[in-house]
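Comments concern the structure below.
The values are calculated or read from the model by the stated rules, or taken from the named source; none is laboratory data. All of these numbers come straight from a predicted model, not from anything done at the bench. For accessibility, only protein heavy atoms count, side chains too; no ligands or nucleic acids. Shrake-Rupley method; radii C 1.70, N 1.55, O 1.52, S 1.80 Å.
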Amino acid sequence: LRRLESGDVSYPLVLANVLQALDEGAIQVWMKNGEVASQLATTGWDGGIAYNPDADYVYYTDTNMGYNKVDSVLERTLDFHVDWPAGDGPATATATMTYRHPIAAEGHICDQSPRYGTSYDEMAARCYFDYVRLHVPGGSRLLNVTGLEGDSISSARSERGTERFGGYFVMPPGTEHTVSFTYELPERITPENYALTIQRQSGTNALPVTVSVTPHELSTTLAARELAWTPAQ
């Protein structure tokens, strides 16, 4: 900040890094002015839901409900799979997020009470109290969920015409945990018109992603805000 205020910076380099941060979702911008807000939504810099109702959509988000810094160390991978039916009918999709907490803390007791620690490192070595939301195409129907507390699971209409599945789990430090949603896609999504958008949660690390939409496969690391994929191309 002192360098910026003094002018002792390369402004083209600052601008390039700001644009990269906006494109990656590390920075979000909200404006009360409706015209400006509309332009921000067009670029995606407002962090809004990038849903196209004519395509498949996966937007997986975590909300840390614990008074800690576990998100700073947590590692995630996303696997997404679509199976087409043998005859007529909707496809079945499964979105699976695998979490790895890399810090072991033997004998740690999960305590959700708000409290500070001696350092950020200590606050990162705690349990992960996570509320999950998965936004998918409107009209999708939840079939099965694993890895969430049963009485916390929900399905409801959400922003911009999406369907939202959600639920809660607790993960001790030094462990792995998997959450999986299986659901029917709306019948308007077919093998002939299939396209997919995966949106990465703003502020999170680059996300390793594996996609299998029979018979096509994709494996990548999503560092940008979103990934648009059409298997036939």
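Kindly write out, for the stretch 104-117 in residue order, the coupling ³J(HN,Hα) from the Karplus curve 6.51 cos²θ - 1.76 cosθ + 1.60 (θ = phi - 60°), rounded to whole Hz, with x marking Gly and Pro.
Taking θ as phi minus 60°, the curve returns 7, 9, 4, x, 5, 9, 6, 10, 8, 5, x, 6, 7, x Hz for the stretch 104-117.
Measure off, as a whole percent, the carbon and sulfur share of the 1.4 Å-probe accessible area of the chain, all protein chains present. Can you show the working numbers first?
Numbers: 6580 of 12690 Å².
Accessible surface attributable to carbon and sulfur in the chain totals 52 percent.
Across the stretch 18-30, in residue order, what do the Karplus-derived ³J(HN,Hα) couplings come to in whole Hz, using 6.51 cos²θ - 1.76 cosθ + 1.60 with θ = phi - 60° and x for Gly and Pro?
5, 4, 5, 5, 5, 5, 8, x, 6, 10, 10, 10, 10
Please compute the per residue accessible area over the chain with all protein chains in place, 1.4 Å probe, rounded to a whole number of Å². Please list the in-between numbers first.
Working: 12690 Å² over 233 residues.
Solvent-accessible surface per residue comes out at 54 Å².
Inverting the mean 1/r over all pairs of different Cα atoms, compute the Kirkwood radius of the stretch 22-62 and quote it in Å. Please list the in-between numbers first.
Working: mean 1/r = 0.0883 Å⁻¹.
It works out to 11.3 Å.
Between (i) 22.5; (ii) 21.9; (iii) 19.6, which matches Kirkwood radius over Cα pairs in Å calculated for the structure shown?
Entry (iii).
Test of understanding: what is the full-extension gain from Asn144 to His177, defined as 0.36 nm times their sequence separation minus their Cα-Cα distance?
Full extension of this stretch gives 10.2 nm more.
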